[in-house]
Amino acid sequence: MSQRTMPWDGVIPEDELEIYRTFFKRKTAPRVGDDVALLAIDLYEKVFAGGAVPVTEANRKHPGACGVNAHNAVPVTQNCSPPRAPRASR
């Protein structure tokens, strides 16, 4: 795969990307289209396991845990607007 610039480059630290790669093994390069959106379907208990510690530390004992990122996301997600209906086809 060729190295492409992705929206998370420079935002998500490399040690965290290594964790994500173990969960999401791809056979093709990820693609990002023109209509990018953040979708938070379910913030479940597993992401909070281990407490508000660095992601890599939480993930050692609790695979899939998001550590401090999950805990920091609580106030942000509480302020998210309600779901909207999908846009009509273009």
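The values are calculated or read from the model by the stated rules, or taken from the named source; none is laboratory data. As the structure is a prediction and not an experimental result, all values here were calculated from the model. Cβ atoms come from the backbone with ideal geometry, glycine included; neighbour counts cover every protein chain shown.
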> Do you know which residues across segment 52-66 are within 12 Å of the chain's Cα centre (by Cα) and in a helix (DSSP H, G or I)?
Replying inline: Val55
> So which residues in segment 38-56 are modelled with pLDDT under 85 and among the hydroxyl-bearing types (Ser, Thr, Tyr), if there are any at all?
Replying inline: Tyr44
>> Against the condition assigned to a helix (DSSP H, G or I), closer than 24 Å to Asn79 by Cβ and at pLDDT 80 or above, how does Val11 come out, does it pass?
In response: no
> Quick check: anything in segment 27-37 closer than 16 Å to Glu16 by Cβ, out of contact with any strand residue (DSSP E or B) (no Cβ under 8 Å at 6 or more places or on another chain) and modelled with pLDDT of 85 or more?
Replying inline: no
